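A short write-up of the structure that comes next.
Please treat every number below as a calculation from the coordinates, not as lab data. As the structure is a computational prediction, the values presented were derived from the model and not from experiment. FYI the Cβ positions are ideal-geometry reconstructions off the backbone, even for glycines, and counts take in every protein chain you see.
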Amino acid sequence: AKVAGKNCYRFYSRVMDQAAERRMHLEQELRGAWERGELSLAYQPVYRLSDGVMVGAEALLRWLHPEHGQVAPSVFIDVAEQSGLIETLGPQVLRAACGDAARWPTRAGGPPLFVSVNVSPRQLRSGDLPLVVSACLRDSGLPADRLHVELTETAVIGDEAHASTLLTKLRTMGVKVWLDDFGTGFSGLSHLRRVPVDGVKIDRSFVADVLRDPDDLALTTAIIAMAHSLGITVVAEGVEQEGQYAILRERGCDLAQGYWLGHPVAIDEFLALLG
Ligand code: C2E
Ligand code: CA
Ligand code: CA
Ligand code: CA
């Protein structure tokens, strides 16, 4: 048994070495990937539920690796976050997204489109986010209220006072702040009292089950009611079926995005969508 245990350990440690090695490679390859043109932004449209009008889009980073093809953002964003690369990558994403959005035409009958950019915990902690954002707005000419930043609860947890100061700075500039993956953390509701946000994005995992699981529907309905009583906008993400769209609309959810409404697409395809 001892021998087997040892072999087992060796096996696991080899697997772990491989994972660590792959991460190290990815980190080296991610360095300079932007400059080599391997990174790009995809845009996923966001719709207003009351009338079905497109009101904005979320920018999602894509990495087309020369050998491995598309690398999942969940993998390389994590590598960028752990290695600190996100501190150069994050501002590049913000700059590109603002530059793109500044050129989006307003569609007849619709509002000027916003662009929503994901900001990682490390970017928020570094403290220079308001400076980076104001430089991007100035250089692109994008009006501040058309930029939304999305933060997860984990970015805010820990140092809420620091986060709250930074977010207030952004909001004073006119930028909108959204809390992403809302409902997955343990203290989601209490955060809303201390952290100033304009909107919450109900996590995909709730939306996935609103038609099947009465608890998820109850939670979703409660989040909407509570957010509205605080004057906060509610976005549902991961809408994959018409039925989910219909029930969210019925419950008064403000905005929605998801595969049923539109996949994330490259900028050219997004512009074609705008006509
Ligand atoms: P997220 O911010 O929660 O983004 C939504 C994710 O859900 C995206 O995955 C999107 O493609 C996917 N999605 C959209 N609609 C549906 C749907 O109907 N069903 C399902 N199953 N999925 C849907 P993606 O693009 O793979 O991104 C994964 C995560 O990587 C993002 O989650 C975000 O946390 C992070 N990420 C992506 N781009 C950036 C970035 O530029 N900066 C930072 N810091 N993080 C990013
Ligand atoms: Ca997001
Ligand atoms: Ca999310
Ligand atoms: Ca469930």
**OP:** Would you compute, from DSSP H runs of 4+ residues alone, the mean residue ellipticity of the chain at 222 nm, taking -39500 (n - 2.57) per run and dividing by the full residue count, rounded to the nearest 500?
**Re:** -15500 deg cm²/dmol
Original post:
On full extension of the chain, what length is gained from residue 24 through residue 172, given 0.36 nm per residue of separation minus the C-alpha to C-alpha distance?
Top reply: 49.3 nm
**OP:** Would you please report the Å³ per residue occupied by the convex hull of the alpha carbon atoms in segment 97-180?
**Re:** 82 Å³
**OP:** Tell me which residues come under 5 Å, amide H to amide H, from residue 49 once H is placed; ignore anything under 5 positions away on its chain.
**Re:** 255, 256
Original post:
Any idea what the dipole of segment 11-67 comes to, in debye rounded to 20, about its Cα centre with Lys/Arg Cβ at +1 and Asp/Glu Cβ at -1?
Top reply: 80 debye
Original post:
If you take the alpha carbon radius of gyration of segment 1-150 and divide it by 2.2 N^0.38 Å, what ratio comes out, to two decimals?
Top reply: 1.35
Original post:
Which loop-located chymotrypsin sites (Phe, Trp or Tyr not before Pro) does segment 116-201 contain, where loop means any DSSP state but H, G, I, E or B and the Cβ has at most 10 other Cβ atoms within 10 Å?
Top reply: 186
Original post:
What is the antiparallel percent of DSSP beta bridges lying wholly in the chain, to the nearest 5?
Top reply: 40 percent
Original post:
What is the Cα convex hull volume of segment 23-80 when expressed per residue in Å³?
Top reply: 90 Å³
Subject >> In segment 75-173, trypsin sites (Lys or Arg not before Pro) in a DSSP loop with at most 16 other beta-carbon atoms within 10 Å >> reply: 103, 107
**OP:** Using only Cα atoms, locate the centre of segment 33-61 and the centre of segment 230-273, then give the distance between them in Å, rounded to an integer.
**Re:** 12 Å
Subject >> Degrees between helix 160-173 axis and first principal axis of the chain (Cα, 0 to 90, nearest 10) >> reply: 50 degrees
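Could you work out the Rg to Rh ratio of segment 85-227, with Rh taken as the Kirkwood radius (inverse of the mean 1/r over all Cα pairs)?
When Rh is taken as the Kirkwood radius, the ratio is 1.00.
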Subject >> Loop sites in segment 189-275: trypsin sites (Lys or Arg not before Pro), DSSP, at most 16 other Cβ within 10 Å >> reply: 212
Original post:
Longest exposed-loop-site-free stretch of the chain, with GluC sites (Glu not before Pro), DSSP loop and at most 10 other Cβ within 10 Å?
Top reply: 68-275
Original post:
From the phi of every residue in segment 47-55, what ³J(HN,Hα) in whole Hz does the Karplus formula 6.51 cos²θ - 1.76 cosθ + 1.60 yield, where θ is phi - 60° and glycine or proline is x?
Top reply: 10, 8, 6, 5, 10, x, 8, 6, 10
Original post:
Against the longest alpha carbon principal axis of the chain, how many degrees, from 0 to 90 and to the nearest 10, is the axis of helix 2-30 turned?
Top reply: 50 degrees
Original post:
Using modelled amide H (1.01 Å from N, peptide plane; none on Pro or chain starts), what sits under 5 Å from the amide H of residue 266, excluding residues fewer than 5 places away?
Top reply: 43
Subject >> Cα-based Kirkwood hydrodynamic radius, segment 51-124, one decimal, Å >> reply: 14.1 Å
Original post:
When the chain is modelled as a GNM with alpha-carbon springs shorter than 10 Å, which of 32, 252, 109 fluctuates the most?
Top reply: 109
Subject >> Volume of the Cα convex hull of segment 165-275, divided per residue and given in Å³ >> reply: 127 Å³
Original post:
Taking the alpha carbon gyration tensor of segment 176-235, what are the square roots of 5 times its eigenvalues, largest first, to the nearest whole Å?
Top reply: 20, 11, 10
Original post:
What whole number of Å gives the distance from the Cα centroid of segment 146-166 to the Cα centroid of segment 119-134?
Top reply: 9 Å
Original post:
For segment 254-260, what does the Karplus curve 6.51 cos²θ - 1.76 cosθ + 1.60, with θ = phi - 60°, yield as ³J(HN,Hα) per residue in whole Hz, taken in order and with x for Gly and Pro?
Top reply: 7, 10, 8, 9, x, 4, 5
Original post:
Helix 86-102: angle to the longest alpha-carbon principal axis of the chain, degrees 0 to 90, nearest 10?
Top reply: 30 degrees
**OP:** In whole Hz, with x marking every Gly and Pro, tabulate ³J(HN,Hα) for segment 136-148 from phi via Karplus 6.51 cos²θ - 1.76 cosθ + 1.60, θ = phi - 60°.
**Re:** 5, 5, 4, 5, 8, x, 6, x, 4, 6, 9, 9, 10
Original post:
If you line up the Cα atoms of the chain on their principal axes, what length do they span on each, largest first, in Å?
Top reply: 68, 47, 40
